[in-house]
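Read through the structure below, which is laid out as structure tokens, and then see the notes.
The values are calculated or read from the model by the stated rules, or taken from the named source; none is laboratory data. Source: prediction; values computed, not measured. Backbone-built Cβ (ideal geometry, glycine too); neighbour counts: all protein chains shown.
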Amino acid sequence: MKVFQLFWITLIVAVLILFEWPQMKQNSKKEKNLFLLLFIFEWIFSIVLLFYPDLPNPLEPIFPYFEWVKQ
């Protein structure tokens, strides 16, 4: 089942990249590199969350320092 979900995540990311790539400026190499970097990061993050759904929130270590705000 997870392989099927992995396939759909990859397909959605590929379609989004193929749809957005022609609409970007032709000479903006930095913009295209950043675009690909962000999509690859989000793709990897989605796959990690697919296989490890119980990962803690990345902000959990910071929460104790702001406990006084709740009061």
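Can you work out which of the residues in the range 1-13 that are among the aliphatic types (A, V, I, L, M), surrounded by 12 or more Cβ atoms within 10 Å (Cβ to Cβ) and out of contact with any Asp or Glu (no Cβ under 8 Å at 6 or more places or on another chain) is farthest from ILE47 (Cα to Cα)? The selected residue is ILE12. Condition first: among the acidic types (Asp, Glu), surrounded by 10 or more Cβ atoms within 10 Å (Cβ to Cβ) and assigned to a helix (DSSP H, G or I). Can you find one or more residues in the range 14-27 that meet it? Yes, the range 14-27 contains at least one residue that is among the acidic types (Asp, Glu), surrounded by 10 or more Cβ atoms within 10 Å (Cβ to Cβ) and assigned to a helix (DSSP H, G or I).
Scanning the range 21-52 for residues that are of a type in the set (S, T, N, Q) and farther than 15 Å from GLN5 by Cβ gives GLN23, GLN26, ASN27, SER28, ASN33. Taking (1) in contact with a Ser or Thr (Cβ under 8 Å, 6 or more places away or on another chain); (2) modelled with pLDDT under 90 in turn, ILE9 satisfies each apart from (2). When the range 45-71 is limited to residues that are hydrophobic (A, V, I, L, M, F, W, C) and assigned to a loop (DSSP other than H, G, I, E, B), the one that is modelled with the lowest pLDDT turns out to be LEU59. Name the residues in the range 1-31 that are of a type in the set (A, V, I, L, M) and free of Cβ contacts under 8 Å to residues at least 12 places away in the same chain, would you? MET1, VAL3, LEU11, ILE12, ALA14, VAL15, LEU18, MET24, listed by residue number.
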